[in-house]
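*Asks:* There's a structure below that I have some questions on.
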Amino acid sequence: MDFEGKVLEILPPVTGQSARGQWERQTVVFEQANKQYGKEIAVTFMNKGSEVANLRIGESYTVSFDIESRKYQDRWYTDVRAWRVQALQPAAQPPMQDMPPFAEEPQPSYAAGAGVVDDMPF
């Protein structure tokens with residue numbers, strides 16, 4: 001699944017040790033771009049510290065994620081885990097059309113004061 005969103009907050013990483021070895025988890029909060037009331041989503045990045053380091057608060061990204069639930073001590077926990085993040089490309093601006101050059105303003109062909117009627121009120 002994918003969504004587009006703007007980074008609101010990057011939380012500090014949490015590290016630990018499991019039977020499989022060292023792990024690092026970091027949560028990033030995104031605001032969805034296409035929702036009417038701006039829903040926030042906290043996305044977990046597992047062992048992807050280099051990807052999180054490239055994210056910038058206030059910038060928009062496309063996030064590919066999976067939803068994972070697990071049971072621990074009779075309680076259910078759900079994670080939104082990102083597996084890819086791509087920066088959104090700004091909308092392409094249409095190329096400007098070439099405008100014709102401005103036409104030269106016509107110059108009067110008479111000499112100043114010779115046969116000119118000045119009808120200006122001031």
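The values are calculated or read from the model by the stated rules, or taken from the named source; none is laboratory data. Source: prediction; values computed, not measured. Heads up, the Cβs are rebuilt from the backbone with ideal geometry, glycines too, and the neighbour counts pull from every protein chain shown.
*Asks:* For the stretch 31-77, what are the residues that are surrounded by 12 or more Cβ atoms within 10 Å (Cβ to Cβ), β-branched (Val, Ile, Thr) and more than 12 Å from Gly5 (Cα to Cα)?
*Replies:* Thr44, Val52
*Asks:* Only one of Ala53, Ala42 is out of contact with any strand residue (DSSP E or B) (no Cβ under 8 Å at 6 or more places or on another chain), of a type in the set (Gly, Ala, Ser), at pLDDT 90 or above and within 23 Å of Gln89 (Cα to Cα). Can you tell me which?
*Replies:* Criteria check complete, one pass: Ala53.
*Asks:* Working only within the stretch 34-70, note down all residues that are over 17 Å from Ala87 (Cβ atoms) and outside any loop (DSSP other than H, G, I, E, B).
*Replies:* Glu40, Ile41, Ala42, Thr44, Met46, Gly49, Asp66, Ile67, Glu68, Ser69, Arg70
*Asks:* Here are Glu31, Glu4: which of them is in contact (Cβ under 8 Å) with a residue 60 or more places away in the chain and assigned to a strand (DSSP E or B)?
*Replies:* Sole residue among the options that is in contact (Cβ under 8 Å) with a residue 60 or more places away in the chain and assigned to a strand (DSSP E or B): Glu4.
*Asks:* Still on this structure, I have one more. When the stretch 14-30 is examined, which residues are found to be loosely packed, with under 12 Cβ neighbours inside 10 Å and under 19 Å from Met1 (Cβ atoms)?
*Replies:* none
*Asks:* Then there's this: Condition (residue is out of contact with any strand residue (DSSP E or B) (no Cβ under 9 Å at 6 or more places or on another chain), modelled with pLDDT under 90 and part of a strand (DSSP E or B)) applied to the stretch 84-93: is it met by at least one residue?
*Replies:* no
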